[in-house]
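The values are calculated or read from the model by the stated rules, or taken from the named source; none is laboratory data. Small disclaimer: the values here were computed from a predicted structure and weren't measured. Methodologically, a virtual Cβ is constructed for each residue, glycine included, from the backbone with ideal geometry; neighbour enumeration extends over all protein chains shown. Calculation scope for accessible area: heavy atoms of the full protein, side chains included, ligands and nucleic acids excluded. Shrake-Rupley method; radii C 1.70, N 1.55, O 1.52, S 1.80 Å.
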Amino acid sequence: MSLKKAVPFSEYESSVHVYGRIWMALALLLMIAAPVAMCVYFDAWPDGVYLLKGLLGVAPMFWTVGIIEVLTYAPMLGTSGTYLAFVTGNLTNLKVPCALNAMEAAKIKPGTEEGEAISTIAVASSSIVTTLVIALGVLGLNFLQPVLESPTLKPAFDNILPALFGALGAVFVSKNLKLAVAPLVFMVVLFLLVPGLSKSVGILVPVGALIAIGVARILYKKGLLGGKDEKAAHADA
Amino acid sequence: MPFDVNSGFLYLVTGMIIVFVIAQSLFFMGKAVKRAKHLGISRQTIRSTILSSGLFSLVPAVSILLGVISLSQFIGLPLPWLRLSVIGAVTYELPAAATAAATMGVDVTRNVRLITDPKIFTNIAWVMTLGILSGLVLILFGLKKIQNGMHSITGKDKRWGDILMDALFLGMISAFVGMLFSQIRTGLPGFIPIVVALCSAALMAICGILIKKCKWAWLEQYALPLCMLGAMALSIPITGWMS
């Protein structure tokens with residue numbers, strides 16, 4: 001898989017990068033302005049040593065995860081979807097599955113211009129609904145807290161990820177069985193052997209992706225996935 | 001100013017940033033809808049994408065709200081509300097807050113009570129903020145190069161581009177499906193996530209049959225949220241039987 005000459009961006013894509021960067025820069029400024037405002041208002045700046053100690057406890061892990069997430073999810077979400085989804089957060093448990101489901105339901109392929117439009121609409125809709133639900137929930141917390149924290153509902157909230165990835169897996173695995181077998185078997189065996197890894201599943205997403213891409217490339221070159229190289233493979237045989 | 005983790009000022013800061021996030025979402029939604037129409041995507045598809053994505057987000061949003069509630073027990077409501085509405089996820093925010101508090105001698109995992117020292121609170125706010133910014137900085141300065149790299153890898157071979165995208169999805173799905181097996185050594189209750197996932201997959205298969213055989217095309221957009229809700233509801237009796 002050799003890197004070919006860079007493909008130039010379309011005019012539309014370039015414009016997305018311009019306004020995407022403006023929004024992203026504003027978001028970054030606001031994120032940093034929030035703790036600054038808190039320190040000024042309460043006249044309480046943290047001690048540099050404690051701040052550094054705290055950062056050393058989380059940054060090596062979460063900065064790495066952040067970079068991995070960009071490299072993994074940006075191709076799925078498309079340019080404008082990425083600019084928006086990374087500001088609104090909750091990627092793995094919400095925005096990425098939401099975008100995938102929207103493209104699948106609309107029968108539009110990811111990585112295309114149409115896919116990017118649908119993915120961005122899905123992420124935007126999801127962000128607005130999520131922000132409003134949390135805001136309404138916070139405002140009505142006295143009423144909601146006993147219901148949400150009731151022991152009866154606890155198993156349902158404990159099982160959001162199995163409920164999400166069971167259905168999503170059924171769609172994508174059944175569609176791409178040949179591609180799915182290797183990363184699935186690898187991950188199941190890995191988690192059986194090292195259960196503690198469930199706390200850092202984010203880091204394993206690109207590992208699964210690399211295995212799937214490697215297997216896909218081999219199968220594609222052998223002409224087992226259809227497409228361009230199929231004829232060549234049959235000719236070789 | 002006297003310090004209070006639930007002060008009106010903190011609500012004001014949070015409110016301003018939440019308004020920004022909604023404005024950004026509306027701006028991107030407007031641009032994407034315009035682009036979708038330009039590309040010939042039907043109004044019906046656009047409308048159902050908006051509706052089904054909103055519906056799909058309801059349950060995970062409630063779960064995020066639960067994260068806000070759990071964090072609010074020691075850092076008040078506004079800060080976790082802000083953090084979980086923008087960038088963050090509870091899997092990051094909780095350990096970040098706990099680590100920042102621990103560096104100043106406060107163990108929030110054992111002794112859950114509201115922070116009263118403003119210096120501990122601002123330390124937590126800074127660690128939560130700075131510890132998660134790598135993704136945003138990389139996108140701000142590097143997304144164009146990353147996308148260019150993707151264009152170069154897929155090149156003109158459209159079929160390989162499609163396969164590459166499928167492989168990326170499957171990488172993510174396989175990691176999370178694999179994670180469901182991490183607890184099975186603990187005995188029968190450890191199988192609960194797998195059974196719930198299988199129920200969800202079975203519900204999706206039923207939806208697939210209804211869409212194809214009974215021509216229920218409308219179900220296509222809503223199958224995932226319905227299957228999720230169904231499997232979550234089933235997880236209540238399943239947990240009862242298997243615990």
Problem - Note, ³J(HN,Hα) from phi for the range B:85-100, Karplus 6.51, -1.76, 1.60, rounded to Hz, x at Gly and Pro - result: 8, 10, 6, x, 9, 4, 5, 9, 5, 5, x, 5, 5, 5, 5, 4
Handout entry: For residues of B:37-44, the mean tally of beta carbons on other chains within 10 Å
Key = 3
Handout entry: As computed over the range B:157-243, the Cα convex hull volume per residue (Å³)
Key = 107 Å³
Problem - Computed accessible area, residue B:81, all protein chains, 1.4 angstrom probe, square angstrom - result: 20 Å²
Fill in the blank from the handout: Largest-first ranking of A:17, B:38 by accessible area, probe 1.4 Å, whole protein assembly kept, is B:38, A:17
Fill in the blank from the handout: On each of the three principal axes the extent of the alpha-carbon atoms of the range A:12-139, given in whole Å and largest first, is 53, 35, 28
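Remind me, relative contact order of chain B in percent, using alpha carbon pairs under 8 angstrom and six or more residues apart?
Details: 158 pairs, mean separation 44.5, N = 243.
18 percent.
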Completion exercise
Under the helix-only model (-39500 (n - 2.57) for each DSSP H run of 4 or more, divided by the residues of chain A), the mean residue ellipticity at 222 nm, to 500 deg cm²/dmol, is -26000 deg cm²/dmol
Practice task
Per residue, how big is the convex hull around the C-alpha atoms of the protein assembly as shown? Give it to me in cubic angstrom, could you?
Solution key: 154 Å³
Handout entry: 27 Å Cα-Cα threshold exceeded, pairs from A:221/B:215; B:34/B:213; A:222/B:158; A:175/B:145; A:109/B:212; A:221/B:37
Key = A:221/B:215; B:34/B:213; A:175/B:145; A:221/B:37
Handout entry: Rh (Kirkwood; distinct C-alpha pairs) - chain A, Å
Key = 21.4 Å
Problem - Inter-chain Cβ neighbour average for residues A:201-211, partner chain, 10 Å - result: 6
Completion exercise
Rounded to the nearest 10, the angle in degrees between the Cα long axis of helix A:79-88 and the longest principal axis of the Cα atoms of chain A comes to 30 degrees
Handout entry: Tensor-based shape of the range B:113-196 (alpha-carbon gyration tensor, a/c under 1.5 rounded, otherwise prolate or oblate)
Key = oblate
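Peptide B:222-231: average number of partner chain Cβ atoms within 10 Å per residue? Don't skip to the end; give the middle numbers.
Values: counts 2, 6, 13, 4, 1, 7, 12, 2, 2, 8.
What the average comes to for B:222-231 is 6.
Carbon and sulfur atoms: what percent of the 1.4 Å accessible area of the range A:103-147 do they account for? Don't jump to the answer; show the numbers that get you there.
Working: 1190 of 1770 Å².
Looking at the range A:103-147 in its full context, I get 67 percent from C and S.
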Fill in the blank from the handout: For residue A:199, counting only aspartates and glutamates whose alpha-carbon sits under 18 Å away and dropping same-chain residues fewer than eight positions off, the answer is A:69, A:158, B:93
Problem - Percent of Cα pairs exceeding the 23 Å cut-off, where the set is chain B - result: 68 percent
Completion exercise
From highest to lowest solvent-accessible area (probe 1.4 Å; ligands, DNA and RNA excluded), A:61, B:1 read B:1, A:61
